[in-house]
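Input: a single structure, listed below in structure tokens.
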Amino acid sequence: MRLPDEAIVIPREKLTHYLLVARVEDDKSKYLAQAGFTAERADELEAAIREVVRPYDAEQDASNSYGVFYRVTGDLVGINGRRLPVVTIWMR
């Protein structure tokens with residue numbers, strides 16, 4: 001199943017206060033920086049994540065009282081052209 005564009009909601013805070021911020025545990029910012037993504041380039045990261053999701057099928061991953069979780073795996077294409085393998089998780 002493909003996730004429809006209107007179902008792809010990426011809160012700005014998820015980008016600017018989680019993914020692109022250095023953290024002691026579970027840091028993703030250094031990995032994303034390899035592809036040129038920084039806090040100043042959050043819009044480009046959002047667009048790149050959307051491009052990861054569009055061509056791939058979402059597979060049901062899990063569910064709980066909040067909803068059903070879907071996993072989409074693909075390559076995130078960076079600002080500098082570097083491709084990073086990523087797994088994205090979406091909740092419905």
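All other residues with a Cβ under 15 Å from the Cβ of K30 taken together, and with Lys, Arg as +1 and Asp, Glu as -1, what is their net charge?
+1
Can you give the Kirkwood hydrodynamic radius for the chain, in Å, rounded to one decimal and based on Cα pairs?
13.7 Å
So how far, in whole Å, is the C-alpha centre of the range 53-92 from the one of the range 1-51?
12 Å
Give the carbon-plus-sulfur fraction of the accessible surface of the chain in %, rounded to a whole number; probe 1.4 Å, heavy atoms of protein chains only.
Carbon and sulfur: 52 percent of the exposed surface of the chain.
Net charge within 14 Å of E40 by Cβ-Cβ distance, Lys/Arg positive one each and Asp/Glu negative one each, not counting E40 itself?
Residues near E40 contribute -1 overall.
Amide H to amide H under 5 Å from L76: which residues, 5+ apart in sequence or cross-chain, H placed 1.01 Å off N in plane?
L84, V86
Please list, by residue number, every one of the GluC sites (Glu not before Pro) in the range 16-50 that is coil in DSSP and has at most 14 other beta-carbon atoms within 10 Å. Write out the running numbers ahead of the final one.
Details: sites: E25, E40, E44, E46; in loops: E25.
Hits after loop and neighbour filter: E25.
So which trypsin sites (Lys or Arg not before Pro) in the range 1-41 pass both tests, a DSSP loop state and at most 14 other Cβ atoms within 10 Å of the Cβ?
Listed in order of number, the matching sites are R2, R23.
For the chain, with every protein chain kept in place, what is the accessible area per residue (1.4 Å probe, Å²)? Mind showing how you got there, number by number?
Working: 6010 Å² over 92 residues.
I get 65 Å² per residue for the chain.
The values are calculated or read from the model by the stated rules, or taken from the named source; none is laboratory data. Owing to the predicted nature of the structure, the values given are computational and were not obtained by experimental measurement. Ideal geometry is used to build each Cβ from the backbone, glycine not excepted, and the neighbour counts take in all protein chains shown. SASA here: full protein model, heavy atoms, side chains in, ligands and nucleic acids out. Shrake-Rupley method; radii C 1.70, N 1.55, O 1.52, S 1.80 Å.
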